[in-house]
Every structure is written in C-alpha cells, then in structure tokens.
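The values are calculated or read from the model by the stated rules, or taken from the named source; none is laboratory data. This is a predicted model, so every value here is computed, not measured. Counting neighbours? That spans all protein chains shown, and the Cβs are built from the backbone with ideal geometry, glycine included. Note: areas computed on protein heavy atoms with side chains; ligands, DNA, RNA excluded. Shrake-Rupley method; radii C 1.70, N 1.55, O 1.52, S 1.80 Å.
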Amino acid sequence: MSLLLLGLAGMAAALTLAATNARGWQWAVSFGALLAAFQILTGFGGPPVVIVWGLLLIVSCLLLVGQFRRILVSEPLLGWFRRVLPTVSQTERDALEAGSVWWDGELFSGQPDWKRLLSFPKPGLTAEEQAFLDGPVEELCGMLDDWEVSYELNDLPPQAWEFIKTRGFFGMIIPKAYGGLGFSALAHSEVVMKLATRSATATVSVMVPNSLGPAELLLRYGTDEQKRHYLPRLARGLEIPCFALTGPEAGSDAGSIPDRGVVCRATHDGREVLGMRVSWEKRYITLGPVATLLGLAFRLHDPDGLLGRNSDLGITLALIPADHPGVEIGRRHMPLNGSFMNGPNSGTDVFIPMDWIIGGPARAGQGWRMLMECLAAGRSISLPSSAAGMMKLAARTTGAYARVRTQFGLPIARFEGVDEAIARIGAHTYAIDSARTLTAGAVDLGEHPSVISAIVKYHATERGRSVVNDAMDVHGGKGICLGPANYLGRAYQQVPIAITVEGANILTRSMIIFGQGAIRCHPYVLREIEATRMSGIDAATRAFDDAFRAHVTFVMGNFARAFLHGITLARFAPGAGSPETRPHFRELSRLSSAFAFAADIAMLTLGGSLKRREKLSARLGDVLSQMYLASAVLKRFEDDDCPEDDLPIVEWCVRDALFRAERALVETARNFPSRLGAILIRLAAFPLGPRLREPSDQLGTRVAKLMAMPSASRERVTRGMYILRDEADPVGRLELALVLAPQAEALLAKIRAVEREGGLHGASEQERLENAVGQGLLTPEELQVLGRYRRLQRACIMVDDFPHDVGRHVRSADGDDRMAGRDEWKGATDGDRRTA
C-alpha cells in the first residue's frame, strides 16, 4: 500500500510540476525526495540504487547545467532539425512572416488569458462614422432596387455610381489628409455589412476599393509623390481602382504568376527612361471593366542588370492608367448573375516607367510580401462583413416569414423541423457577427491578424452558405421564384463567389489556418526555425537551446493541464466572465491545452510532411477556429453587458463551437498516422472519453422563438442592417406583418375558439369576423388590425410572375429586340393589387 501511494504521489507530482511549468531544479528536488522516500520505505539499497541516483544526477545536469545540455542534447538536435526541416521558399516565408499574432497566439498557448480578452476595449464608432451610416449609407440603400440592379440594368444605376463616388465611399480607408474619410476598420465593416443587406452589387463595388487594392497598397508602401497624386483622386472618386492578380494559370497559387516584366529603356513622354515592358493576362478582376486605374502584379526580370540586382527580381506591383497605350480592358464576366463589374484585362509588351512601381524602384520584387501584409483587410474586414450582412438579411426575413406564413392552421415557425433551421440561422449569424466585430476591433488596435483573418473569412462565408441554404428551405417556393419580391434568391446564387475569392475555402481550411498558424502562432517553433538559419554554431546552438528547452516545458505542461482538466471536467480550469458563461471559459481552457499538445505531437511526429497532410491540418485548424468563434461570442456577450435574453443564443453558439472543436480533435486522433501519437492525443484530450454534446432541441427552440417574434434579442442579432418599413418594400412588408402577428394571432385564436363551440358562423373568414364584431367578440379597431394583417400576410407570401418569355425581350414596333422595362411584365406589385 505504501508503494502504491508513493507511486500515485509520484504521478501527481509529475503532473503538477508539468502543469505549473516548474523549473528544472524543482523537478530534480522533487524526484530526489521521492527516491529518498522510496529507499526509506523499502530499505532498498545496493548497486541498483546507485544507478538510479546516477541517472537522476545526469538528468539534473541536463536540466540545470546549460553548457552540458547544449553539447549533449541541443547541438545534435539542431543538426537533425536542420536536416529534416523542409525547404521554405521565399514566398512561403513572406506569407509566414506577414501580419501579426493576436488572440490566436493565446489560444495556441494552451493557457489563454481570458482577462486579457475581456479587457480589450469594446469596438465602437465615432459620432462622424455613425452619422455616415445613418445618412449617406441609408440614402444609398434607399436608392437601390436589387431586382433593377441584377436583372434590368445588370449594373448599378448611374445615380448610385455618382453618389458612391462623390460621397466618399471609395475613400473610407484613405486618411482625411488626402481627402478620404479616414474611417476605422469597424466603420468600414459596418458600411459593407449594411450595404450587403440591400445589394450585393453595391457591396462589392464599395468594398473592393477599400480592401486589397491600390489605396491600401499606396498607404503602406507608396512614395510620397504617388500618395499625393493618387490618394486624393481615389478618395473623391475621380479614379475607379481595380487590382489584377489572378490569371488563367495562377489562381490560388498566385505566387506562380506567369505574367512577366523585363527591365529596359524606352521612350516615355518624349524622353528615354528606365522602365519595364510588361505582358500579362488576368481574369476575375472586380471593377476591371470600369476601372480607370489598374493595379497589376507581375514577375519582374532584369536580364541586363540595369538595376544592379538579381536577374529574377520577383513579384512586383505597379499602377497603370487604364487608358495607357497597350492596356486591353476586356469584356465582362457574369459570376452567377452577380451584376458587379468583373472581367479580364491584358497587355503585351506594354512599356511603363519604373516609378510606376508601387513604392518606386526600391520596391521592385517585394510585391508578394506587400500583398501578404495587406491581405488581412480583405479577409478580416470585407468578406466577413458582406457575409454577415447577407446572414442578417436571411435571419431577419426567415424568422418573420416563418411567423407570418401559416400551414395546417399554424405559423410554420412552430414546426420543429422549421424551428431547428431558424435556430441555426440565428445562432450562426450571432457567432459570425461577433467574430466580425472582434476582428475589426483588433485591426483598430493596430493588429494585422493573418491567421485570424483566414479563420473569419472561411467561417463567415461557410456559415453564410449554411444560413442561406436553411433560409431557402424555410421559404420554399417564395425563395426560388426570382423577381422584385424575392430578397433571398440572388444571395443564394452568389454565395459561392465569396467562398472562392481571397483564397478558396478548401485551401484556406486545409492549408492556411493551421498550416500558417502552427508556425506563426506557436510560441517557440518560429524561434527554433530561425535558429537553424543562423550561421554561427555557438549562437545558433544557444538560441535553439533556449527555444527547445522552453518548448519541451510547453509540451509537458499542456499535456498535464489537458489531462487534469479532462479528469476534473474542467471544474478547476481558468475561467472568467459572468457566472452563466464561466463554465464555457473553463471548457475552452481545457480544449486550448489539448489542442496545443495535439499540434506539437503532429509537428514532432510528422515534421515537414505535415503540410502535405491536408486533412489532418484542416481538422486541427477547425479546433483553432472554433475556439476563436467561441471566444468572440463570449466577448460580445460581456461587451453587451450580459443581456439575459441573449443567453439562449450565446449558449447555442458556444455549445456548438465546443462540440465541433472536440469532434475535430476526436477525428484528428482517429486518423492520426502514428499510433503512439494518437494514443497520447486521446489521453490528453479525452482521458474520460469525449463528452461534449451538440445544442439540445429545447435550446434550439428557445433561440428560434427569439428570432420569430419582435424582441430585443432579434434586434441585437440583426443590428446594423438596412430596413425600410414600407409596405412597398418586400422586407418592409415582413417587418410590418411581424409587428402585428402577436396581436393578430391572439385575436384569431379567440375567434377560432368560439367557432369550435358553434357560436360563430359565416361562409368566409371576413364574414365571420364581421359577425364577431356584431356579437361583441371583436371591436371595430381589432377588425381593422386583422384586416391589415391579412393584407400584409398575403403580400408577404406572394411571388412574382412574368410573361412566357420571362419579360426578357419585347419586340418593338421597328422590329428590334430590346430589354423589357418594369412596366412590361406583371410583378409582385401588380399581384398584390390583384389579390390583397
């Protein structure tokens, strides 16, 4: 019994020392004391004990004597590490080093500091930014009819283009010193999100100039002369910018672009200058067909050494006026009936001066790093914001439609299959909007979160796809019949566009989130890699020894913490926040330790082959992503002062994220190529087995009820979207009907109860209602409420109809075909007049 207790004490001591990141001398003293106790209890002695004490002494020397450890351990490991480390190309290095590490680093640490998360200031708008949202953005939304834009014009109306240019929409990120609005990242995000609830075409047209493009690149890298010339013109809409990166031969692998420039001398503006002859072929270039200023990426070569540097200088970025001789602006693409301007452009041996390179000749060959450092704007602001807007539109309209639409005598929101979909819609919208806000706030704090930007881009667009699919299922025929009354069809069509751009989602999940995060966010791996690049053996060994020693402590600590939190059900894990959410913080602490340990086991056992294990990388990336989404939800709840009404939504979001994270760890272990590694991951992450569950049906019903009724929670989930409360507007009709729904349902329930008892008669509902007034069951005012509700309800469920040729072309008197105007087909407005 004494030996058993001593063994248990040894295990407890080891786990405690590891979990607390104990120093080497503490390990040595603790195990020396355990060995002495073993001798006293057993009376065991002789040569075996001397050997054990000798081993303990050797291990203690390795732990405590740096020079001894470096010679025997670190130097040989450094040599091995240099041999097995895969070659990292310059483009990969630029991608790894771009941006900054923020909250993702905390999640990778295994010990996230939740107090730090909650201490970040709540993102907010200035009075000027709020006024812009309440004024020009509302005004722009009001002049947009998405059916007119996407069907009749296939473009924004001229007055909308003029308004966008003259009111500064293209200059949101440009400082006031250059004539721009100088808005925060959050304001930029809020503008894009609100526009996305009204018109995808306007959204894309506004967000691209404020994302990865000439303005962002000029602000970071442009020469003073370039800034003075271009930024005021971009801010005032005198220039329409585009950026040409993707071509037929280089999509996701943009670093392999074949477009080529050669340094040479030629005549420009009447004098001989040093420049480049550039040939390119690009496609999918948003705003390209109407752009006046073309940003271009190409690979620059200097075969004659005119710049005095390497022959292959690398990817270079330049600004070229669209009317420059040789520039060919192609026709338009039609991306899934998206009406935003998008198309190809090209050029052959187009000569441009060297000072057209963004940043001047000194920036020749630095284009890939410049792009990687700027990519966070598109990934972390523009695309998540547009996806969040689309989701808010779907959430608000689907909840209202399900309450207004009745089948079998009940609002379809009360059917369990429908309420399950509504719960997903509302919760996913809340989660993505939380991540959008938190990430924009990080950018405003000066961060450029490259890994987090990939997380929010991927999950915002994927959850957006899920939400729109659910919304279409609930709307049924209302969703699939296009026309002026349809507010979902174009979103459903165009979801894959956001999935594809700024890094296709399949590659973002399987190669970028964990592939980049494993090195960029890990506290020690990058330091170890940097040590292998150092030339001096002594300096390299010291640097590697410091990083590796800390890394070993890190791995042991995460294993111990994950195991201990697992067997104690995370009861003693670090937590924060309100009493209702503190258990979720604790569960996230456990998952963070388990994830960090699994990541290290993967890197240790698979080495350089890990980047080819895309499925494994994707699952580990899923764990990191779900922890970030859960962090964002909990942070938002605290920032909103913990509204009790929102607790069902918060609970659903966090439980869903925790379940997905644990499931990804389960699948990681199940598919891990090393059996020993799989056992260690299971032991750390699930010592008692997987135990987290998806949100319950009851919890989902509570969420669905909040989304299908006028409520403060529904307002918070969809805050910031454009709503025109007007019967002529399809979304406005739904809003007005939903406001009347509770009162109307109560009145109708009272009338039906009397009908069942045989106390009310009439051939039609209207006749029965009028009889109810006569019998004193309803007041005249209540009859008016029911009449208005029935008119709105009917208008909400009606769909558009067209002539047999769909009104696309009408034969005119002179025999020419032309596009049909709005007065040449019968749409929802006519249908409403006929039936309501």
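With Cα atoms as the point set, the radius of gyration and Dmax of the stretch 407-470 evaluate to 16.1, 55 Å.
Calculated FRET efficiency, Ile679 to Ile567, Cβ-Cβ distance, R0 = 25 Å: about 0.95 to the nearest 0.05. For the stretch 607-734, the calculated P(r), taken from all Cα-Cα distances in 10 Å bins from zero up to the bin holding the longest distance, is 11, 30, 26, 19, 11, 4, 0 percent. Among 159-168, 325-334, 550-559, 461-470, the peptide with the highest mean count of other Cβ atoms within 10 Å heads the list, and the full ranking is 461-470, 550-559, 159-168, 325-334.
Centre-to-centre separation between the Cα atoms of the stretch 351-373 and those of the stretch 433-469: 29 Å. Note that the stretch 93-199, at 25 °C in a medium of 0.890 mPa s, gets a Stokes-Einstein diffusion coefficient of 146 µm²/s from its Kirkwood radius over C-alpha pairs. Working from the Cα coordinates of the stretch 223-297, the gyration tensor eigenvalues give, after taking √(5λ), semi-axes of 23, 21, 11 Å in decreasing order. Extension gain, Arg691 to Thr267: 0.36 nm times the residue separation minus the Cα-Cα distance gives 145.4 nm. Spin-label model, Thr16/Leu238: points 7 Å from Cα along the beta carbon direction are separated by 7.3 nm. Taken along its three principal axes, the alpha carbon spread of the stretch 436-582 comes to 72, 44, 28 Å, from the longest extent down to the shortest. The Cα-based radius of gyration and maximum Cα-Cα distance (Dmax) for the stretch 257-326 are 13.2, 38 Å. Backbone amide hydrogens, once placed in the peptide plane, bring Asn342 within less than 5 Å of Leu287, His333, excluding anything fewer than 5 places away on its chain.
Placing pseudo-labels 7 Å out from each Cα toward the beta carbon at Ala753 and Arg788 gives an inter-label distance of 2.5 nm.
How far is the Cα center of the stretch 730-754 from the Cα center of the stretch 177-217, in Å? Comparing the Cα centres of the stretch 730-754 and the stretch 177-217, I get a distance of 39 Å. In this structure, Asp645 and Arg582 have a Cβ-Cβ separation that, at R0 = 25 Å, corresponds to a calculated FRET efficiency of about 0.85.
Helix by helix through the chain, keep the DSSP H runs that span 30 Å or more along the axis on Cα and average at least 0.5 on Kyte-Doolittle, and give those back in order.
730-756
Here the chain exposes an accessible surface that is 55 percent carbon and sulfur, computed with a 1.4 Å probe and the other protein chains kept in place.
Within a Cβ distance under 12 Å of Ala664, other residues only, what is the Lys/Arg minus Asp/Glu net charge?
+3
Helical runs assigned H by DSSP (4 residues or longer) give the chain a calculated mean residue ellipticity at 222 nm of -18000 deg cm²/dmol, each run adding -39500 (n - 2.57) before division by the residue total. The alpha carbon gyration tensor of the stretch 575-630 gives principal lengths a ≥ b ≥ c with a/c of 1.5 or higher and a/b greater than b/c, which makes the shape prolate. Ranked by the mean number of other Cβ atoms within 10 Å per residue, highest first, peptides 385-393, 640-648 order as 385-393, 640-648. Each principal axis of the Cα cloud of the chain was taken in turn, and the coordinate range along them, longest first, works out to 108, 91, 45 Å.
Taking every Cα-Cα distance in the stretch 182-237 and sorting them into 5 Å bins from zero, the calculated P(r) comes out as 4, 18, 25, 24, 16, 9, 4, 1 percent.
P(r) tail for the stretch 716-793: Cα pairs beyond 14 Å make up 65% of the total. Each 10 Å bin from zero holds the following percent of Cα-Cα pairs in the stretch 325-447: 10, 20, 25, 21, 12, 7, 3, 0. Between Arg527 and Ser711, the modelled label-to-label distance comes to 4.8 nm, taking each label 7 Å out from Cα in the direction of the beta carbon.
For Cys264, nonlocal amide neighbours, meaning residues 5 or more places apart or on other chains whose placed amide H falls under 5 Å from its own, are Gly275, Met276, Arg277.
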